[in-house]
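Computed from the coordinates by the stated procedures, all read-outs in this text should not be read as laboratory data. Everything numeric in this text was worked out from a predicted model, so none of it was measured. Don't worry about glycine lacking a Cβ; one is built from the backbone with ideal geometry, like all the others, and counts go over all protein chains shown.
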Amino acid sequence: MDDLISEIETVIGIKFNQKTLLLKSIIHKSLLNENPDMGLESNERLEFLGDSIIQTSVSDLLYNKHPDWAEGTLSQARSKLVNRESLAKLSITLGLGKYLKISNGEEESGGRNKDSNLADAFEALVGAIFLDQGFDTAQSFVNSFMVPLDIQNPSPKDLLDPKSMLQIKIQQGDKSSETGKRLKYKTISISGKSPNQEFIVQVSMDNKILGKGKGSKKSQAEQNAASDALKILA
């Protein structure tokens, strides 16, 4: 076990004072469910703590790096950076999957490669670093491992869906309004039968039609309508 801990320390570049914290960060709950008498604790509590540290670190990073971004854009960017897929990628970068302590059943179901387990492991690791080394080290760790994935410089246009982008564009063009203009999405046509239906939606503002879109789902048609409006307003 000491060799395992030393290997992880080498990978992350941090020497732990409390080795048990690092060990706890890789113990999946399935192992304890299958072996209740092991006398160990899973990484769930560390995961909870790490999630907060990551949220705070990324919020600070975005706030200081992008002083021109509005609150909505910052929130969208943060959501993109700390979602399950992004955290799983960070975990893969570190190779955490091979260190996870999981049950036989979880192993057989491909648990080492599940985004959920990988993301949870990264959060737990950050929580362990925070408890052992303090916030500054945990924050530096989070930020340093975002750089290789090229997610420290997200473009708002890459992060926002068309509806969000359209709302931001409208609000930016209406500085006199505290809440921004209200966009209205209206379904004007539904053809066919489920699951082969086609929805046509129009988006308007102040009774002026800005764009139209089609889709097999209402939500998809709304996004396409917003995309159409963005092209017209460009």
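Put +1 on the Cβ of each Lys and Arg and -1 on the Cβ of each Asp and Glu in region 6-109; which of MET38, SER103, ASN83 then has its Cα farthest toward the positive end of the dipole?
Among MET38, SER103, ASN83, the one farthest towards the positive end of the dipole of region 6-109 is ASN83.
What's the exposure ranking of LYS98, LYS19, going from fewest to most Cβ atoms within 10 Å?
On the way: LYS98 9, LYS19 16.
So the ranking, lowest neighbour count to highest, is LYS98, LYS19.
If you average the C-alpha positions of region 1-79 and of region 179-226 separately, how far apart do those two centres end up, in angstrom?
Answer, in whole Å: 41.
So which of LYS80/LYS193; LYS193/LYS231; LYS19/LYS80; LYS89/LYS169; LYS80/LYS231; LYS89/LYS214 end up more than 27 Å apart, counting from Cα to Cα?
Working: LYS80/LYS193 35 Å; LYS193/LYS231 30 Å; LYS19/LYS80 32 Å; LYS89/LYS169 31 Å; LYS80/LYS231 24 Å; LYS89/LYS214 34 Å.
Where the Cα-Cα span goes over 27 Å, the pairs concerned are LYS80/LYS193; LYS193/LYS231; LYS19/LYS80; LYS89/LYS169; LYS89/LYS214.
Let me know the shape class of region 1-122, please: from the alpha-carbon gyration tensor, a ≥ b ≥ c as square roots of the eigenvalues, rounded when a/c is under 1.5, otherwise prolate if a/b is greater than b/c, or oblate. Present the calculation step by step, with values, prior to reporting the outcome.
Details: a/c = 2.33, a/b = 1.82, b/c = 1.28.
Cα axes put region 1-122 in the prolate bin.
On a full-extension model of 0.36 nm per residue, what is the gain between ASN113 and LYS214, subtracting their alpha-carbon distance, rounded to one decimal in nm?
Working: separation 101, 0.36 × 101 = 36.36 nm, distance 3.64 nm.
Here the answer is 32.7 nm.
So for LYS214, LYS208, fewest C-beta neighbours within 10 Å to most, what's the order?
Numbers: LYS214 15, LYS208 6.
Final ranking by Cβ density, sparse to dense: LYS208, LYS214.
For the pair PHE48 and LYS184, what calculated FRET efficiency results from E = 1/(1 + (r/R0)^6), where r is the Cβ-Cβ distance and R0 = 35 Å, to the nearest 0.05? List each step's numbers first, then the result.
Details: r = 40 Å, r/R0 = 1.15.
In this case the efficiency is close to 0.30.
Beyond 25 Å, what percent of the Cα pairs of the chain remain?
Values: 14869 of 27261 pairs.
For the chain, the fraction of Cα-Cα distances above 25 Å is 55 percent.
With angles folded into 0 to 90 degrees, how steeply does helix 135-144 sit against the dominant principal axis of the chain? Use alpha carbons for both and round to 10.
60 degrees
Treating the angle as unsigned and between 0 and 90°, give the value, to the nearest 10°, between the Cα long axis of helix 2-12 and the longest Cα principal axis of the chain.
The helix 2-12 is inclined about 30 degrees to the chain.
What is the list of residues in region 211-229 whose amide nitrogen lies under 20 Å from a point 7 angstrom out from the Cα of LYS193, following Cα to Cβ?
216-218
Which aspartates and glutamates have a Cα lying under 15 Å from the Cα of LYS212, excluding residues fewer than 8 positions away in the same chain?
GLU198, GLU222, ASP228
For region 193-234, just say rounded, prolate or oblate: build the C-alpha gyration tensor, square-root its eigenvalues into a ≥ b ≥ c, call rounded for a/c under 1.5, and beyond that prolate if a/b exceeds b/c, oblate if not. Present the calculation step by step, with values, prior to reporting the outcome.
On the way: a/c = 3.71, a/b = 2.13, b/c = 1.74.
Note, shape of region 193-234 comes out prolate.
Let me have the 222 nm mean residue ellipticity of the chain computed from DSSP H runs of 4+ only, each contributing -39500 (n - 2.57), with the sum over all residues rounded to the nearest 500.
Values: 12 runs with 132 residues, N = 234.
That calculation yields -17000 deg cm²/dmol at 222 nm.
Applying 1/(1 + (r/R0)^6) with R0 = 45 Å to the Cβ-Cβ distance of GLU7 and MET205, what FRET efficiency is obtained, to the nearest 0.05? Display every interim value, and only then the final one.
Details: r = 58 Å, r/R0 = 1.29.
Step by step, r from the Cβ atoms, then E = 0.20.
Would you work out the relative contact order for region 2-154, in percent, from Cα pairs under 8 angstrom that are 6 or more residues apart? Please report the intermediate quantities before stating the final value.
Working: 195 pairs, mean separation 51.8, N = 153.
Contact order relative to length: 34 percent.
Could you line up ILE102, ILE14 from fewest to most neighbouring Cβ atoms inside 10 Å?
Numbers: ILE102 21, ILE14 18.
Ranking ILE102, ILE14 by Cβ neighbours within 10 Å, fewest first, gives ILE14, ILE102.
Using Cα atoms only, what is the angle between the long axis of helix 115-133 and the major principal axis of the chain, expressed in degrees (0 to 90) to the nearest 10?
Value to nearest ten degrees: 60.
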